[in-house]
Amino acid sequence: MNKSELVAQIAAKSDTSKVNASAMVEAMVEIVGDSLKAGESVQISGFGAFKVTDRAARMGRNPKTGESIQIKASRSPSFKAGKGLKDKVNS
């Protein structure tokens, strides 16, 4: 499912226009991104939790040349599915 298919299904389920549904999806993505950028986690009961994990600096290897390179530390978003979502997938 891509973003436009998600917007269409949200519009159908919530009996609203695709324009409104698209605005809701955009707002959710922006709010989650802003919260993660600020270092906060976002928990949606029955769905899951978004959080930021820190990745330490490490040595890597360029696969083309075999040369060792230093990979700098970074922050990465992660998602952990909640019980409700896991149950729905496994039923």
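Which residues, taken from the stretch 44-58, are more than 10 Å from the chain's Cα centre (by Cα) and small (Gly, Ala, Ser)? Matches in the stretch 44-58: SER45, GLY46, GLY48, ALA56, ALA57.
Is it the case that some residue within the stretch 46-54 is closer than 26 Å to GLU5 by Cα and out of contact with any helix residue (DSSP H, G or I) (no Cβ under 9 Å at 6 or more places or on another chain)? Yes, that holds for at least one residue.
Read-outs throughout are calculated quantities, based only on the coordinates presented, and are distinct from any laboratory measurement. The model shown is predicted, which means the values in this text are computed figures rather than measured ones. Neighbour counts run over all protein chains shown; Cβ positions are idealised from the backbone, glycine included.
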